[in-house]
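I'd like to ask you about the structure that follows.
Quick note: the coordinates plus some simple rules give every number you see, no bench work behind them. What you see is a predicted model; the values in this text were computed from it and never measured. Glycine also receives a Cβ, built like all others from the backbone with ideal geometry; neighbour counts cover every protein chain displayed.
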Amino acid sequence: MSMLRSERMLAKYPFIAAARDYLSRRGIALDELGSGRFGRDVERAYERVVEALKMGEDAEIGLYPDEEVEVLSFAIALLFVASIGDGWLARRWALAESLRCGRFLEEEEPEIVAELLRAELGIKVEPSPPGESGLGAYKVWAPHYLTLTSRIDSLEWKLVNRVVRGGWVYVTPKELARIAVEAIQKRILSRYEDARGTPLPDSLTAVAKRIREMLAEKRSFEVEAGQVSEEYWPPCMAKIKKELLAGLSVGHFANFALAAFMLTAGYTQEQVIAMYSQRSDFNEKIARYQTEHIAGQKGSRVKYTPPSCSTMKTHGLCVEEGRLCPGIKNPIQYYRREARRAAQRKKIEGRNDEEEKRDSGGGFLATST
Amino acid sequence: MSGPVERSMAFVKRVFREFYRDNVGVVSPPPRPEAREFGYWSFERGEMVRHLSFRSAEEVRAEIAKVVPLHAYRSAAYYQYPSAPMEEKGWQAADLIFDIDADHLDVPCVTQHVYRVCPVHGLLDDGAKTCPVCGTGAREVDWVCDICLSAARAETTRLVEILVGELGVNEGELEVGFSGNRGYHIVAYSPDHLTLDQMARKDLVGYLTCVGLSPGLLGLPWKRGGRGRPRLDLLPPPAFNEPGWRGRIIRRAYSILQSQAVPPGLERYAGIIREIRDAWSVEPDWTVAPLGFWTRLLDEAIRMEALRIDPVVTTDIHRLLRLSGTLNGKTGLLAKKIPLEMLEDFDPLNECVVLPREERVRVRVAYSPAFRLGGEEFDEISEPRSVMLPIYAGVYLVLKGLARIEA
Ligand code: SF4
Ligand SMILES: [Zn+2]
Ligand SMILES: [Zn+2]
């Protein structure tokens with residue numbers, strides 16, 4: 001524990017317990033923060049949040065030379081985010097802060113990373129016994145490994161592709177640092193949950209207001225995403241959408257599948273981008289580029305069709321092993337079938353109704369290819 | 001007026017009621033019953049009653065004895081408000097649960113266990129939709145036998161070994177039970193696993209079922225472009241006695257090669273197989289065969305070793321599962337907890353028979369295959385007829401849809 005105590009450590013990893021009581025230990029009262037004495041700290045806090053808000057995954061929060069400012073500004077940034085109470089902002093900020101820590105962790109001795117996980121984040125980690133170090137220099141307790149890595153969307157993180165023995169998962173020091181980033185992100189988010197809704201001292205509300213305005217601009221997509229109708233959607237796609245809207249991070253493959261599905265079904269690129277915008281690592285430029293790519297406008301001109309049900313199954317994205325979709329081979333087929341049935345129903349119901357007829361002839365059916 | 005079906009079900013309910021009246025202590029609610037949701041199917045109403053909650057195990061038992069349900073369930077989850085609607089329950093944690101069902105296993109007899117019957121005229125042809133005599137819709141009946149039940153039990157043992165040996169579950173935190181029909185339920189109460197979310201459980205299921213397994217990442221031969229000699233890196237080569245998938249896959253691959261017949265799909269490698277069979281002692285020499293051979297061999301080994309659990313059950317953190325110590329309304333057998341050390345020799349078709357064995361009841365059997373239950377052998381009944389059976393066996397056939405209680 002002691003090696004984590006230095007001022008420099010607190011500055012790099014301001015989420016740790018010792019830094020937590022910084023305000024109280026120094027006897028700083030909340031409403032003093034707006035006074036000129038803390039001008040630099042507040043400004044740095046603002047910078048942390050805004051950088052995260054603007055850049056997401058690519059945020060460069062860096063390390064401020066004055067360690068005291070660095071620790072205090074983290075606490076103030078948390079206050080800002082908690083008082084604003086927007087889940088998306090919180091996730092995006094936690095992501096940026098945890099990636100910032102990750103950059104420092106890469107430079108640390110592996111034992112420091114392990115110590116941080118053990119002492120600060122409650123994760124069981126041990127060095128591998130000498131005879132097993134070929135499998136990975138460290139081992140992480142299996143349930144903790146599962147909790148921290150299940151959202152990393154890549155084959156080599158799947159438990160089935162790891163060496164697992166006696167309840168432990170073997171990892172390299174580099175992987176350990178990555179796991180720490182996940183754990184830090186979780187920790188920051190739980191600190192956010194605890195502090196959520198804490199009122200700001202009056203002196204800071206002006207700054208918070210500026211953040212809020214920036215957030216509103218960034219989040220103009222949100223309304224649109226909520227409006228995308230999921231009528232006729234197969235259960236797998238509806239589920240991905242639901243998770244996105246709930247702010248859960250879904251894997252890259254799931255994102256791709258949803259985008260390809262929506263585009264093939266005839267939704268607009270804007271609607272698809274609106275869905276992507278739910279990710280805490282949303283970057284509009286990249287999202288736009290990727291969407292255009294999937295839609296077949298950029299690069300290879302290959303138009304992607306949505307993954308088949310069996311591919312969806314392999315990635316664990318199929319719902320109830322397809323029990324809800326008898327005879328369906330591809331999610332898009334489900335959509336088209338349901339849409340066609342609805343159109344037929346409409347036709348029957350509104351046989352004499354001119355408008356109805358026009359409806360069933362156009363719309364979704366016209367978009368299928 | 002009540003028909004033969006109602007009469008039969010009324011009889012079964014009476015038998016269930018007497019059982020619960022005399023044995024309600026057998027009903028065993030899970031730990032922290034006050035944080036659980038309970039639910040049941042009643043005999044009369046064809047719907048599930050859900051979102052029930054009770055303050056103690058005693059209250060649960062009293063309710064079961066009073067209601068006499070056809071099926072009784074409890075949540076895997078622990079909730080803050082177990083009786084609230086789903087969105088407001090306040091999920092806290094959930095037991096890690098597994099379902100192993102005889103008909104998800106690769107046992108050949110499973111396909112022969114589906115019968116179509118007319119409740120009056122007996123066995124119908126395969127695929128018949130209605131009875132040719134009276135036009136009644138055919139009823140599909142699932143049967144089980146010793147072979148498929150033993151396969152389910154063996155799979156359960158394998159799962160327990162992996163949970164304990166690899167995934168950090170303590171033996172003392174495991175509960176294994178027969179479902180009362182065609183399979184086994186395994187529940188892990190280990191604190192570190194209770195809080196796993198849906199994604200983490202999905203990854204854990206992938207581990208057990210080998211979904212997403214990529215041999216190269218485990219130090220087995222792998223492909224880039226899929227041609228030429230295999231490449232091995234990342235990890236030391238797997239050893240025969242290794243725990244985990246590396247060991248299981250390599251042992252299975254070895255035993256496939258040792259079996260006399262050339263495995264299907266590998267015919268054109270017959271020569272290589274003979275060579276490897278003799279040369280492979282400690283560690284296989286990967287370089288003696290092309291990658292295509294290894295890929296196929298390992299795929300087959302993985303397919304054979306992968307556990308057959310129901311992935312949906314384990315990933316669903318709001319799942320209801322059968323309450324231990326209650327009667328299964330599809331058979332009248334007890335959903336019974338099994339101490340781990342008894343699992344290997346457990347005989348559900350005897351030990352889960354808890355309804356009266358001495359008393360008899362007259363039933364009209366439409367059709368019944370020969371079967372063994374409660375230590376007795378019953379002959380096939382190929383044509384509809386009326387017979388006297390011990391109550392447990394009569395109830396079994398009635399609930400399977402093969403017999404009716406006679407007036
Ligand atoms: S069967 Fe196909 S369409 Fe249905 S949920 Fe699974 S992947 Fe989606
Ligand atoms: Zn008939
Ligand atoms: Zn069988």
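In what order do A:Tyr267, B:Tyr115 fall by count of nearby beta-carbon atoms within 10 Å, going from fewest to most?
Lowest count first: A:Tyr267, B:Tyr115.
Calculate for chain B the 222 nm mean residue ellipticity that helices alone would give, adding -39,500 (n - 2.57) per DSSP H run of length 4 or more and normalising by residue count, nearest 500 deg cm²/dmol.
Dividing the helical sum by the residues of chain B leaves -9500 deg cm²/dmol.
With N residues in segment A:3-217, what two-decimal value do you get for its Cα radius of gyration over 2.2 N^0.38 Å?
Compactness ratio reported: 1.08.
So, one more: Expressed as a rounded percentage, what relative contact order does chain A have, with Cα pairs under 8 Å and six or more residues apart?
Dividing the mean separation by the residue count of chain A yields 16 percent.
Turning to a different aspect of this structure: Using the count of nearby Cβ atoms within 10 Å as a rough guide to exposure, how do B:Tyr254, B:Tyr184 rank from fewest to most?
The fewest-first ordering by Cβ neighbours comes to B:Tyr254, B:Tyr184.
Greater than 31 Å separation of Cα atoms is the criterion. Which listed pairs, B:Lys13/B:Lys202; A:Lys329/B:Lys129; A:Lys186/A:Lys285; A:Lys186/A:Lys242, meet it?
In this structure, B:Lys13/B:Lys202 exceed 31 Å between Cα atoms.
Compare B:Leu196, B:Leu96, B:Leu323 in a GNM of chain B, Cα atoms joined below 10 Å, and give the one with the largest fluctuation.
Greatest mean-square fluctuation among the candidates belongs to B:Leu196.
Counting Lys and Arg as +1 and Asp and Glu as -1, each charge on the Cβ, what is the dipole of segment A:3-217 about the Cα centre in debye, to the nearest 20?
560
While we're on this one: Could you work out the relative contact order of segment A:3-217, using alpha carbon pairs under 8 angstrom and six or more residues apart, expressed as a whole percent?
26
Long-range amide H contacts for B:Thr130: which residues qualify at under 5 Å (H placed 1.01 Å from N, peptide plane, sequence gap of 5 or more or a different chain)?
Amide H to amide H, under 5 Å and 5 or more residues apart or across chains, B:Thr130 pairs with B:Ala138.
Applying the Karplus parametrisation 6.51 cos²θ - 1.76 cosθ + 1.60 with θ = phi - 60° to the phi angles of segment B:380-385, what ³J(HN,Hα) value in whole Hz is obtained for each residue in order, glycine and proline being reported as x?
With the stated coefficients, segment B:380-385 comes to 4, 10, 8, 10, x, 7 Hz.
So, one more: So if I average 1/r over every pair of distinct C-alpha atoms in the protein assembly as shown and take the inverse, what Kirkwood radius in Å does that give?
Kirkwood radius, the protein assembly as shown: 30.3 Å.
I would also like to ask the following. 7 Å from Cα along Cα→Cβ at both B:Arg360 and A:Asp194: what's the point-to-point distance in nm?
Going by the 7 Å Cα→Cβ label model, 7.2 nm.
How big is the shadow of the Cα convex hull of segment A:1-109, averaged over all directions, in nm²?
Seen from a random direction, the Cα hull of segment A:1-109 projects 7.0 nm² on average.
Express the Stokes-Einstein translational diffusion coefficient of chain B in µm² s⁻¹, to the nearest whole number, given a Kirkwood radius over alpha-carbon pairs, 25 °C and a viscosity of 0.890 mPa s.
102
Then there is this: Kyte-Doolittle cut-off 1.0, length cut-off 18 Å along the helix's own axis using Cα: show which whole DSSP H helices in chain A pass.
Within chain A the helices that satisfy the rule are A:67-84, A:252-265.
Related question: Post the alpha-carbon centroid distance, segment B:159-193 to segment B:272-319, in whole angstrom.
Rounded to whole Å, the Cα centres lie 25 Å apart.
Check B:His71: other-chain or 5+ apart residues with amide H under 5 Å from its amide H, H built from backbone geometry?
Distant-sequence amide H within range of B:His71: B:Trp41.
Please list the non-local residues whose amide H lies under 5 Å from the amide H of B:Ile338, H modeled 1.01 Å from N, same-chain partners needing a gap of 5 or more.
Amide H neighbours of B:Ile338: B:Val176, B:Gly177, B:Phe178.
Using Cβ counts within 10 Å as a stand-in for footprinting exposure, how do B:Arg50, A:Arg37 rank, fewest first?
Ordered by Cβ neighbours within 10 Å, fewest first: A:Arg37, B:Arg50.
Report the residue, chosen from B:Arg61, B:Arg36, B:Arg248, that carries the largest GNM mean-square fluctuation when chain B is represented by alpha-carbon nodes joined by springs under 10 Å.
Maximum fluctuation in the GNM of chain B, among the listed residues, is at B:Arg248.
For chain A, what is the mean residue ellipticity at 222 nm derived from helices alone (per DSSP H run of n ≥ 4: -39500 (n - 2.57); sum divided by total residues; nearest 500 deg cm²/dmol)?
The helix-only estimate for chain A comes to -17500 deg cm²/dmol at 222 nm.
How large is ³J(HN,Hα) for each residue in segment B:362-379, as worked out from phi by the Karplus curve 6.51 cos²θ - 1.76 cosθ + 1.60 (θ = phi - 60°), to whole Hz, x for Gly and Pro?
8, 10, 9, 9, 6, 7, 8, x, 5, 8, 10, 7, x, x, 10, 9, 10, 6
While we're on this one: What translational diffusion coefficient, to the nearest whole µm²/s, does chain A have by Stokes-Einstein, given a Kirkwood radius computed over alpha-carbon pairs, a temperature of 10 °C and 1.306 mPa s viscosity?
The diffusion coefficient I find is 68 µm²/s.
Can you give me the three principal axis dimensions of segment A:113-188 from its C-alpha atoms, in Å, biggest first?
Per principal axis, max minus min of the Cα coordinates gives 36, 27, 20 Å.
Okay, next question. Using 1/(1 + (r/R0)^6) with R0 = 41 angstrom and r between the beta carbons of B:Thr287 and A:Ala119, what's the FRET efficiency to the nearest 0.05?
0.30
Say each of B:Leu105 and B:Glu377 gets a label point 7 Å from the Cα, pointing the same way as Cα to Cβ; how far apart are those two points in nm?
2.3
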